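The values are calculated or read from the model by the stated rules, or taken from the named source; none is laboratory data. Only a predicted model underlies this, so the values are computations on that prediction, with no experimental measurement involved. Quick reminder, even Gly has a Cβ in these numbers, built from the backbone with ideal geometry, and neighbours come from all protein chains shown. Just so you know, the surface numbers come from the protein's heavy atoms only, side chains and all, with ligands and any DNA or RNA stripped out. Shrake-Rupley method; radii C 1.70, N 1.55, O 1.52, S 1.80 Å.
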Amino acid sequence: GLPFRRKWPLVKPLAAREILSRDGLILVVNKPAGVNVHAGPSGGPSLEDTFDALRFGLPKPPALAHRLDRDTSGCLVLGRHAKALRRLGILFSEGRAKKTYWAVVRGQPPKETGRIDFPLTKISSAEKGWRMVVAKDGEGQEAITDYRVRGISDTGLTWLELSPHTGRTHQIRVHCAQSGFPILGDPWYGTPEDRSATSEIPLHLHARAIELPLYPKKPPIRVEADVPEAM
């Protein structure tokens, strides 16, 4: 990937206010920006290192039901045991976990609402590492993102609500960039200003809400995460 260029805070145990929802099956936490959710192949500290403090009486710590990028904040779902993880895995794989993201982007979409459906694929090189790009016709994985304009500033920025119907890596970031309105502070797909090694602007992408039809005879669980101060 890109060279490590920013000083990220040490991974600290989540505070009580960052635990957004808890029941016998799941935990939903408000992931801070700038923290990897898991160590990955290169190792290093991650949010997963702190999960032992989230057992709440169970014999084992919870585990990740899905992923968020290091620079993305917001709703992150954990399964508290194997049965919960299996049930959550079905919801996410079948697209029944409804995710809502908020972003601040440079520029403005041509319409108040719309759909972006560029297929995506991963490329890599020895010099630049890997990244996601729009695939050529008939190639890549299907990727669908709906957007809605929530606000427009007089400084050339737009507040978007985004609903991904698929879960491809960096999907929202690539879709916005390819559509002409890159996310503010995106060090991979943003403007030259955002990609600069000296940029201090954080990624303005936040997993605002998630809705999970976890129990057949009950309404879906909906959880919202407050927007971080940087946004």
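Listing for the model above:
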| quantity | calculated |
| --- | --- |
| Unmet criterion (only one of (1) over 18 Å from the mean Cα position of the chain (by Cα); (2) over 14 Å from residue 221 (Cβ atoms); (3) part of a loop (DSSP other than H, G, I, E, B); (4) modelled with pLDDT of 95 or more) for residue 66 | (1) |
| Count of the stretch 28-42 residues which are in contact with a strand residue (DSSP E or B) (Cβ under 9 Å, 6 or more places away or on another chain) and farther than 14 Å from residue 74 by Cβ | 1 |
| Residue 104 vs. criteria in a strand (DSSP E or B), within 15 Å of the chain's Cα centre (by Cα), at pLDDT 95 or above and more than 23 Å from residue 221 (Cα to Cα) | yes |
| Residues of the stretch 10-19 classified as over 18 Å from residue 81 (Cα atoms), open to solvent by less than 80 Å² (accessible area, probe 1.4 Å) and touching a residue at least 24 places away in the same chain (Cβ under 8 Å), total | 2 |
| Tally of residues being within 14 Å of the chain's Cα centre (by Cα) and open to solvent by 40 Å² or more (accessible area, probe 1.4 Å) across the stretch 162-201 | 4 |
| Residues (buried (at least 19 other Cβ atoms within 10 Å of the Cβ) and either in contact with a helix residue (DSSP H, G or I) (Cβ under 6 Å, 6 or more places away or on another chain) or outside any helix (DSSP H, G or I) (or both)) located in the stretch 71-87 | 71, 72, 73, 74, 75, 76, 77, 78, 79, 80 |
| The stretch 41-55: number of residues that are in a loop (DSSP other than H, G, I, E, B) and open to solvent by less than 60 Å² (accessible area, probe 1.4 Å) | 3 |
| Residue satisfying all of: in the stretch 147-161; surrounded by fewer than 15 Cβ atoms within 10 Å (Cβ to Cβ) and of a type outside the set (A, V, I, L, M); nearest to residue 94 (Cα to Cα) among these | 150 |
| Test: residue 98 is closer than 30 Å to residue 60 by Cβ, charged (D, E, K, R) and surrounded by 15 or more Cβ atoms within 10 Å (Cβ to Cβ) | yes |
| Identity of the residue in the stretch 56-66, in contact (Cβ under 8 Å) with a residue 12 or more places away in the chain and surrounded by fewer than 16 Cβ atoms within 10 Å (Cβ to Cβ), that ends up nearest to residue 29 (Cα to Cα) | 56 |
| Given (1) touching a residue at least 12 places away in the same chain (Cβ under 8 Å); (2) open to solvent by less than 40 Å² (accessible area, probe 1.4 Å); (3) outside any loop (DSSP other than H, G, I, E, B), number of the condition residue 143 does not satisfy | (3) |
| Test result for residue 211, over 21 Å from residue 141 (Cα atoms) and open to solvent by 60 Å² or more (accessible area, probe 1.4 Å) | no |
| Pairs where the first residue, in the stretch 27-49, is without any contact (Cβ under 8 Å) to a residue 12 or more places away in the chain and the second is buried (at least 20 other Cβ atoms within 10 Å of the Cβ), C-beta under 8 Å, 6+ apart | 44/36 |
| Residue 209 small (Gly, Ala, Ser), under 21 Å from residue 68 (Cβ atoms) and assigned to a loop (DSSP other than H, G, I, E, B) | no |
